[in-house]
Amino acid sequence: MIPTFNDECFELVGQLRQQALKLNVPFEILIGDDGSSDRNVVESNLRINQFEHCSCVLRPENSGRAVIRNVLGRMARYDTLLFIDSDMSVIRQDYLSRYINSLNNSNDVVYGGYELTVHLQDNLRSRYEDSCADNHTAEKRALHPYLDFHTSNFACPASVFHQHPLDERFRSYGYEDVFYGRQLKDAGIAIRHIDNPLGFGRFESNADYLRKTEEGLRTLWRFRENLQGYSRLLDRVKSLRQLHLLPLVHLWHRCLGGAERRQLMGNRPRLFLFNLYRLGYFASLDAGH
């Protein structure tokens, strides 16, 4: 299952299909285009329909990352589901076989992780991901299995996903996967972390990433009560509030947030400022309500 929005995934489908054919197992590859606005991308992805066992389904309008995954899950014919983000790439020849061996009739949700394939010093997303890379190993993720889970690369029994779909209140960008980790924990379903990464090396511009970050922070603020204990930023905000320092963070952002934003959109973005900007932006949301 590959949900996509304005992302070409023809090559990704080809990589997966070749591995599946070699394994000689029944399979299907479903692409869910969630109302893409780029017609060139749509036309490229429709070429997937020429492959046996593969299909691209077009949605008339964008419904959000949770909804499109649930739609694909309901369409699936087989007993095991594998969800992959459309901006990922296959970097291991045994990628599918490792998932097959890891599931092994288990009811667990299994997350394989990701690793960077491109490193750009002038790109904010790339620099941020680089700074977090040490925490992406299976060993580190397993220390906090429900907190360090993402929907970009995970497999599970179809029965588990049907009983516990993603929460469709999450229509805007961000945190639907974090909340899904909480859903699974509350349901008593284990998340197992394995070393089976996909490659990640397609980064948006600094301006686009800042806009996505701001949208994600608005999502976090909206669902802050549901995500307590599942967001390190919320933990930091809680500590600052207890120390009566949150108004100072908001004042800092009101005075200097614009300058920080301009620096982050330039060709030498600083991660310290990015983290400060995120904290200040969230504080401004909190102060405005």
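Bear in mind these aren't lab numbers, they're just calculated from the coordinates by the rules spelled out. Remember, it's a predicted structure, so these values are computed and weren't measured experimentally. Cβ coordinates were reconstructed from backbone atoms using ideal geometry, including for glycine residues, and neighbour counts include every protein chain displayed.
Could you tally the net charge around LEU58, taking each other residue with its Cβ under 15 Å from the Cβ of LEU58, Lys/Arg +1 and Asp/Glu -1? Display every interim value, and only then the final one.
Working: positive: ARG39, ARG47, ARG59; negative: ASP7, GLU8, ASP33, ASP34, ASP38, GLU43, GLU61.
Cβ neighbours under 15 Å give a net charge of -4.
Charges at C-beta only: +1 for Lys and Arg, -1 for Asp and Glu. How large is the resulting dipole of the range 128-264 about its Cα centre, in Debye rounded to 20?
Values: 20 positive and 18 negative charges, 112 e Å.
The dipole magnitude comes to about 540 debye.
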Can you check what the net charge comes to around LEU12, using other residues whose Cβ is under 10 Å from the Cβ of LEU12 (Lys, Arg +1; Asp, Glu -1)? -4
So for the pair ARG218, GLN121, with labels modelled 7 Å out along Cα→Cβ, what separation do we get in nm? 3.5 nm
In the chain, if the dipole is taken from +1 on Lys/Arg beta carbons and -1 on Asp/Glu beta carbons about the Cα centre, which of PHE10, GLY199, HIS119 is farthest to the positive end? HIS119
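Hey, what D do you get for the chain in µm²/s if you plug the Kirkwood alpha-carbon radius into Stokes-Einstein at 4 °C and 1.567 mPa s? Walk me through the intermediate numbers first.
On the way: Rh = 20.2 Å.
Diffusion coefficient, whole number: 64 µm²/s.
Go ahead and estimate [θ] at 222 nm for the chain from helices alone: -39,500 (n - 2.57) per DSSP H run with n ≥ 4, summed, over the residue count, rounded to 500.
Roughly -14500 deg cm²/dmol at 222 nm, from the helical runs in the chain.
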Here the net charge surrounding ARG171, from other residues whose Cβ is less than 13 Å away from its Cβ (Lys, Arg +1; Asp, Glu -1), is -1
For the range 101-166 and the range 233-289, write down the distance between their C-alpha centroids in whole Å. 27 Å
Treating only the Cβ of Lys, Arg, Asp and Glu as charged (+1, +1, -1, -1), what charge dipole size does the chain show about its Cα centre? Round to the nearest 20 debye. 840 debye
For the range 87-97, 3J(HN,Hα) per residue [Karplus equation, 6.51 cos²θ - 1.76 cosθ + 1.60, θ = phi - 60°, Hz, x = Gly/Pro]: 9, 8, 9, 7, 10, 10, 5, 9, 4, 5, 5
Most positive-pole-ward Cα, GLY174, TYR277, VAL25, against dipole of the chain from beta carbon charges: TYR277
